[in-house]
Amino acid sequence: IIWSAFKRYRNIFPHIRTDYLKRQIKNNNVIFEDGVVLIYGKYKRRGRLGTSQYNKDDVIIHQILNTQIGNGNASRVFKKFLSLSTKCRYLLTVRSSNQRAREFYERQNMKVDGNICWSNGTVQGKIYAKYV
C-alpha cells in the first residue's frame, strides 16, 4: 500500500525506491495512518543540513504523503506525530518550488531555518524546523 502511494506521486517523489521504503519500515521509521505516510529518522550525531545545523536526537522528517489530498488527515497525523515527543527539534526539507507543501508546513507552525540545494545546485530548497 505504501509503495503504491508513492508510485502514484512519482512526479513529487521521484527518488523513493522500494528498498528505501523496506528499510524504513524495518527500522520502524514509518507511520501509516488514515492514508497518510510519514517517514522520519533521528540523528545520531551533530552535523549540517544545507545551511542549518542539526544536533544529536533531532528528528528529520523525510517524507509526508496524504493519499487523498485535501481531506485534513495529513495535518492531523502530522500534529499527532509532533505531540509524541518532548523537548525535540523537528527538521524537514522541501523544494522551494513546492508551494503547496511549504504552505502546509507553515500552517503547522514550522519556520524556515535555512536553505539547501540538490542536483548540483540546480534544485533549490528550504529547511523548516519546529521546536517541540
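The values are calculated or read from the model by the stated rules, or taken from the named source; none is laboratory data. Note that the structure is predicted; figures quoted are calculated from it, not measured. All Cβ positions, even for glycine, are placed from backbone atoms using ideal geometry, and neighbour counts span all protein chains on display. Surface accessibility is based on the protein's heavy atoms, side chains included, excluding ligands, DNA and RNA. Shrake-Rupley method; radii C 1.70, N 1.55, O 1.52, S 1.80 Å.
Observations on the model:
- A simple spin-label model places pseudo-atoms 7 Å from Cα toward Cβ; at Lys79 and Asn98 they are separated by 2.2 nm.
- Working from the Cα coordinates of region 26-100, the gyration tensor eigenvalues give, after taking √(5λ), semi-axes of 22, 16, 11 Å in decreasing order.
- For q = 0.12, 0.13, 0.20 Å⁻¹, Debye-computed log10 I/I(0) when each Cα of the chain counts as one equal scatterer: -0.45, -0.54, -1.42
- Net lengthening on full extension, Thr18/Val132 (0.36 nm per residue, minus Cα-Cα): 37.9 nm
- Cross-link partners of Lys111 among aspartates and glutamates (Cα-Cα below 17 Å; sequence separation of 8 or more within a chain): Asp58, Glu103
- Mean-position separation - Cα centroids, region 22-91 and region 99-113, in angstrom: 14
- Among the protein heavy atoms of the chain, carbon and sulfur supply 49% of the accessible surface, probe 1.4 Å, non-protein parts ignored.
- Within-13-Å neighbourhood charge of Gln24 [Cβ basis; K, R +1; D, E -1]: +4
- Net charge over other residues, Cβ less than 14 angstrom from the Cβ of Ile127 (K, R count +1; D, E count -1): +4
- For the residue pairs Lys26/Lys80; Lys87/Lys130; Lys22/Lys87, alpha carbon separations beyond 18 Å are given by Lys26/Lys80; Lys22/Lys87.
- Computed over the chain, relative contact order equals 20 percent, with contacts defined as Cα pairs under 8 Å that lie 6+ residues apart.
- Taken as entire DSSP H runs, the helices of the chain never both span 20 Å or more between Cα atoms along their own long axis and average -1.0 or more on the Kyte-Doolittle scale.
- Summed over the residues of the chain and divided among them, the accessible surface reaches 61 Å² per residue at a probe radius of 1.4 Å.
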